[in-house]
1. Could you list, in sequence order, all residues of the range 80-103 that are of a type in the set (Lys, Arg) and either in contact with a Cys (Cβ under 9 Å, 6 or more places away or on another chain) or at pLDDT below 85 (or both)?
2. Being in a loop (DSSP other than H, G, I, E, B), surrounded by fewer than 20 Cβ atoms within 10 Å (Cβ to Cβ) and not β-branched (Val, Ile, Thr) is the filter here, so list the residues in the range 55-71 that pass it.
3. May I ask you to verify whether residue 67 is touching a Leu at 6+ places or on another chain (Cβ under 7 Å) and modelled with pLDDT of 90 or more?
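The values are calculated or read from the model by the stated rules, or taken from the named source; none is laboratory data. Source: prediction; values computed, not measured. Cβ placement follows ideal geometry from the backbone for every residue including glycine, while neighbour counts extend to all protein chains displayed.
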Amino acid sequence: RCMISGCNVLALIEAASVSGFDGVNRNHPANGILLRSDLHTLFDLDLIGIDPAAGKVAIHFSLLGTEYEKLSGASILCTKEHAIDTRAIRARWERFVMKRGANVANSCAAQTDFVRSETPFAYATCG
(Lines give C-alpha, C1' and ligand atoms only; values in the text may rest on other atoms or scores of the structure.)
Protein backbone atom coordinates (compact mmCIF):
# COMPACT_ATOMS: atom_id res chain seq x y z
CA ARG A 1 0.00 0.00 0.00
CA CYS A 2 1.30 3.47 -0.91
CA MET A 3 2.32 5.25 2.28
CA ILE A 4 1.08 8.59 0.95
CA SER A 5 -2.02 7.92 -1.16
CA GLY A 6 -3.13 4.59 0.29
CA CYS A 7 -3.27 3.09 -3.23
CA ASN A 8 -3.29 -0.71 -3.00
CA VAL A 9 -2.82 -1.58 -6.69
CA LEU A 10 0.33 -3.66 -6.32
CA ALA A 11 1.38 -3.15 -9.95
CA LEU A 12 1.74 0.58 -9.19
CA ILE A 13 3.62 0.33 -5.89
CA GLU A 14 7.39 0.85 -5.81
CA ALA A 15 9.98 0.93 -3.05
CA ALA A 16 11.56 4.38 -2.93
CA SER A 17 14.87 4.82 -1.14
CA VAL A 18 14.70 7.52 1.48
CA SER A 19 18.42 8.33 1.56
CA GLY A 20 19.23 7.26 -1.98
CA PHE A 21 20.58 3.97 -3.15
CA ASP A 22 24.29 3.39 -3.50
CA GLY A 23 24.23 -0.33 -2.74
CA VAL A 24 26.08 0.04 0.56
CA ASN A 25 24.00 -0.38 3.73
CA ARG A 26 21.04 1.35 2.15
CA ASN A 27 19.16 -1.64 0.82
CA HIS A 28 17.26 -2.05 4.08
CA PRO A 29 13.49 -1.86 4.66
CA ALA A 30 13.89 1.05 7.11
CA ASN A 31 15.48 3.07 4.29
CA GLY A 32 12.47 2.53 2.07
CA ILE A 33 9.02 3.93 1.66
CA LEU A 34 6.33 2.31 -0.47
CA LEU A 35 4.98 4.79 -2.99
CA ARG A 36 2.73 4.75 -6.02
CA SER A 37 4.97 5.04 -9.09
CA ASP A 38 4.10 8.67 -9.89
CA LEU A 39 4.64 9.71 -6.27
CA HIS A 40 7.97 7.85 -6.28
CA THR A 41 9.07 10.01 -9.22
CA LEU A 42 7.95 13.21 -7.49
CA PHE A 43 9.73 12.13 -4.28
CA ASP A 44 12.95 11.42 -6.21
CA LEU A 45 12.71 14.84 -7.86
CA ASP A 46 12.14 16.49 -4.46
CA LEU A 47 8.79 17.84 -5.60
CA ILE A 48 7.19 16.19 -2.57
CA GLY A 49 8.79 15.82 0.82
CA ILE A 50 7.92 14.25 4.13
CA ASP A 51 8.14 16.39 7.24
CA PRO A 52 9.56 14.01 9.85
CA ALA A 53 8.34 16.10 12.80
CA ALA A 54 4.73 16.08 11.67
CA GLY A 55 4.71 12.89 9.58
CA LYS A 56 3.00 14.83 6.80
CA VAL A 57 3.53 15.47 3.10
CA ALA A 58 4.69 18.83 1.74
CA ILE A 59 4.56 19.68 -1.95
CA HIS A 60 6.60 22.00 -4.13
CA PHE A 61 4.67 25.11 -5.20
CA SER A 62 4.79 23.94 -8.83
CA LEU A 63 2.30 21.21 -7.87
CA LEU A 64 -0.30 23.71 -6.64
CA GLY A 65 -3.35 23.57 -8.86
CA THR A 66 -2.62 19.98 -9.89
CA GLU A 67 -4.11 16.71 -8.71
CA TYR A 68 -1.17 16.44 -6.27
CA GLU A 69 -2.16 19.53 -4.29
CA LYS A 70 -4.68 17.45 -2.31
CA LEU A 71 -1.78 15.39 -0.91
CA SER A 72 -0.30 18.41 0.86
CA GLY A 73 -0.64 17.81 4.58
CA ALA A 74 -1.56 14.15 4.16
CA SER A 75 -0.34 11.93 6.98
CA ILE A 76 2.14 9.21 6.12
CA LEU A 77 0.62 5.76 6.51
CA CYS A 78 3.19 3.96 8.66
CA THR A 79 2.76 0.69 10.49
CA LYS A 80 4.68 -0.98 13.29
CA GLU A 81 5.89 -3.51 10.74
CA HIS A 82 7.39 -0.79 8.56
CA ALA A 83 8.99 2.11 10.37
CA ILE A 84 11.09 4.57 8.39
CA ASP A 85 14.59 5.32 9.67
CA THR A 86 14.18 8.67 11.44
CA ARG A 87 17.71 9.87 10.62
CA ALA A 88 17.23 9.06 6.95
CA ILE A 89 13.85 10.78 6.64
CA ARG A 90 15.16 13.81 8.54
CA ALA A 91 18.12 14.07 6.15
CA ARG A 92 15.80 13.66 3.16
CA TRP A 93 13.54 16.44 4.48
CA GLU A 94 16.54 18.73 4.85
CA ARG A 95 17.52 17.92 1.26
CA PHE A 96 13.98 18.74 0.08
CA VAL A 97 14.07 22.05 1.90
CA MET A 98 17.60 22.97 0.76
CA LYS A 99 17.11 21.88 -2.85
CA ARG A 100 13.90 23.81 -3.18
CA GLY A 101 15.21 26.82 -1.26
CA ALA A 102 12.44 26.61 1.30
CA ASN A 103 12.46 27.83 4.87
CA VAL A 104 10.44 25.44 6.98
CA ALA A 105 8.43 26.92 9.82
CA ASN A 106 9.75 25.70 13.15
CA SER A 107 6.30 24.84 14.42
CA CYS A 108 3.28 23.24 12.83
CA ALA A 109 1.14 25.44 15.05
CA ALA A 110 2.54 28.51 13.27
CA GLN A 111 1.32 27.29 9.88
CA THR A 112 -2.11 28.12 8.58
CA ASP A 113 -3.71 27.07 5.33
CA PHE A 114 -1.13 26.94 2.54
CA VAL A 115 2.19 28.72 2.86
CA ARG A 116 2.51 30.78 -0.31
CA SER A 117 4.99 33.48 0.57
CA GLU A 118 8.64 33.15 -0.40
CA THR A 119 8.70 29.44 0.45
CA PRO A 120 8.52 27.31 -2.70
CA PHE A 121 6.50 24.54 -1.10
CA ALA A 122 2.98 24.21 0.14
CA TYR A 123 2.07 22.63 3.43
CA ALA A 124 -1.42 22.29 4.78
CA THR A 125 -2.23 22.99 8.38
CA CYS A 126 -1.04 20.35 10.78
CA GLY A 127 -4.09 19.87 12.93
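1. Listed by number, the residues that qualify are 80, 87, 99, 100.
2. Answer for the range 55-71, where residues must be in a loop (DSSP other than H, G, I, E, B), surrounded by fewer than 20 Cβ atoms within 10 Å (Cβ to Cβ) and not β-branched (Val, Ile, Thr): 55, 64, 65, 67.
3. In short, no.
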